[in-house]
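To keep things clear, I will list the structure first and then write my remarks on it.
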Amino acid sequence: MISRRRFLGQAAVAAACTAIRPAALFANPLGLPLGIQLYSVRQQLQQDFDGTLAKVAEAGYHEVESAGYYNKSAAEAKQSLQKAGLRCVSAHHPMGQLRDHFDELLAFNKEIGCEFLICSSASPKATDAPKGYTMSLDDWRWNADQFNQMGEKSAKVGIRFGYHNHVHEFEQVDGGIPYDELLRITDPAKVTFELDCGWATVAGIKPYELMAKHAHRFSMFHIKDFKNPGGGQKEAKVTELGLGDIDYHPIFQQAAKNQKIRHIFVEQEAFDMPWQDSLKTDAEYLKKFKA
């Protein structure tokens, strides 16, 4: 038996929690809030920043990952996100920006409220590398060393540093695989990985096998779907989740076994339908997904 006062107090807390994080905002695979990488709506954000964020929230998303702030100050961007009811938990920046403006970007994203700072693409060691330059394995190793340094500095302000893959990280270079080198050289205590399951699949990698081999190295997912992902990057065609050929069941099953995934982000790089319908289709796929 509990007192009426205690019962009412517990009921109020439960109601408040439901109001803040209703079940509709969660993805079923790992019980995480629905998230989206804002690169998905990059064109729309340029035209109407606040209006687009409102539509993202309306589609069912609760968390976002940034890919630029479109000339907004940190205070302005944060206000727009709060107005839409969205949390920006992670930010993408290419290595070129990170190398030249790391402290500034770290402070900016800290003010936004980000928990993660992610390198979205690596760069050659030489700043004067010509356009079209193919990175050597030594370039990739240099990036890994930089990630360790950036990760150490990020941790001091409570932000986790990580790396996001595309396809070329899995292609052989100088007798080695760049992604293998990144995993080998980076310190797990300093650097995490955001696994883009779609691009890894297009590269011929099975994400669940990668996770089985490297326990606890991945803390975030990008999920996207392709028609004909086995055809390689030239033949694969982006589509909405559930309408392509990628099977996410073994991916989420493996993640539940030996990873600590903190965030899942839809990334819809192109649309097969009107963009607002596309975002809703992706959100519904995740809400109804049964691993």
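The values are calculated or read from the model by the stated rules, or taken from the named source; none is laboratory data. Owing to the predicted nature of the structure, the values given are computational and were not obtained by experimental measurement. Here Cβ is always computed from backbone atoms with ideal geometry, including for glycine, and neighbour counts include all displayed protein chains.
Those residues that are over 14 Å from His164 (Cα atoms) and in contact with a helix residue (DSSP H, G or I) (Cβ under 9 Å, 6 or more places away or on another chain), I need them from the stretch 182-200; list them, please. Correct list: Arg184, Ile185, Asp187, Ala189, Lys190.
Scanning the stretch 266-284 for residues that are out of contact with any Phe, Trp or Tyr (no Cβ under 7 Å at 6 or more places or on another chain) and crowded, with 20+ Cβ neighbours inside 10 Å yields Val266, Gln268, Leu279, Thr281, Asp282. Check whether at least one residue in the stretch 246-256 is out of contact with any helix residue (DSSP H, G or I) (no Cβ under 6 Å at 6 or more places or on another chain), crowded, with 21+ Cβ neighbours inside 10 Å, within 22 Å of Phe170 (Cα to Cα) and not hydrophobic (A, V, I, L, M, F, W, C), and report yes or no. Yes, the stretch 246-256 contains a residue that is out of contact with any helix residue (DSSP H, G or I) (no Cβ under 6 Å at 6 or more places or on another chain), crowded, with 21+ Cβ neighbours inside 10 Å, within 22 Å of Phe170 (Cα to Cα) and not hydrophobic (A, V, I, L, M, F, W, C). For the stretch 218-237, taking the residues that are without any contact (Cβ under 8 Å) to a residue 40 or more places away in the chain and within 18 Å of the chain's Cα centre (by Cα), the one that is farthest from Ser66 (Cα to Cα) is identified as Phe226. Against the list (1) among the polar types (S, T, N, Q); (2) touching a Ser or Thr at 6+ places or on another chain (Cβ under 8 Å); (3) modelled with pLDDT under 95, the condition Ser66 fails is (3).
Residue by residue through the stretch 58-81, note down the ones that are touching a strand residue (DSSP E or B) at 6+ places or on another chain (Cβ under 6 Å), farther than 17 Å from Ile118 by Cβ and touching a residue at least 60 places away in the same chain (Cβ under 8 Å).
Going through the stretch 58-81, the residues touching a strand residue (DSSP E or B) at 6+ places or on another chain (Cβ under 6 Å) turn out to be 60-67, 81.
Cutting the leftovers down to farther than 17 Å from Ile118 by Cβ gives us 60-62, 81.
Within the stretch 58-81, Gly60, Tyr61 meet the criteria.
Looking at this structure, is Glu115 touching a strand residue (DSSP E or B) at 6+ places or on another chain (Cβ under 9 Å), modelled with pLDDT of 95 or more, crowded, with 20+ Cβ neighbours inside 10 Å and among the charged types (D, E, K, R)?
Values: touching a strand residue (DSSP E or B) at 6+ places or on another chain (Cβ under 9 Å): yes; modelled with pLDDT of 95 or more: yes; crowded, with 20+ Cβ neighbours inside 10 Å: no; among the charged types (D, E, K, R): yes.
Taking the combined requirement at face value, the residue does not satisfy it.
Pairs are defined by a Cβ separation below 8 Å, a sequence spacing of at least 6 or placement on different chains, a first member in the stretch 183-207 that is over 26 Å from Gln149 (Cα atoms) and aromatic (Phe, Trp, Tyr), and a second member that is outside any helix (DSSP H, G or I) and modelled with pLDDT of 95 or more; the pairs so defined are Trp199/Asn165; Trp199/His166; Trp199/Val167; Trp199/His222; Trp199/Lys224.
What do you reckon, is Ala144 small (Gly, Ala, Ser) and either under 24 Å from Ser73 (Cα atoms) or outside any helix (DSSP H, G or I) (or both)? The answer is no for Ala144. Contact annotation: residue pairs with Cβ atoms under 7 Å, 6 or more positions apart or on different chains, pairing a residue in the stretch 124-143 that is under 18 Å from Glu169 (Cα atoms) with a partner that is aliphatic (A, V, I, L, M) and in a loop (DSSP other than H, G, I, E, B), are Pro124/Met135; Met135/Ala122; Trp140/Ala122; Asn143/Ala122. Can you tell me which residues in the stretch 118-145 are buried (at least 17 other Cβ atoms within 10 Å of the Cβ) and either of a type in the set (Val, Ile, Thr) or in contact with a Leu (Cβ under 8 Å, 6 or more places away or on another chain) (or both)? Result: Ile118, Cys119, Trp140, Asn143, Ala144. Looking only at the stretch 22-55, filter to residues that are closer than 21 Å to Lys260 by Cβ and out of contact with any strand residue (DSSP E or B) (no Cβ under 9 Å at 6 or more places or on another chain); which one of those is modelled with the lowest pLDDT? Looking at residues that are closer than 21 Å to Lys260 by Cβ and out of contact with any strand residue (DSSP E or B) (no Cβ under 9 Å at 6 or more places or on another chain), I get Asn28.
Within this structure, Glu181 fails the test of being surrounded by 15 or more Cβ atoms within 10 Å (Cβ to Cβ) and under 19 Å from Gly96 (Cβ atoms). Regarding Phe226, is this residue closer than 16 Å to Leu32 by Cα and either modelled with pLDDT under 95 or among the hydrophobic types (A, V, I, L, M, F, W, C) (or both)? The answer is no for Phe226.
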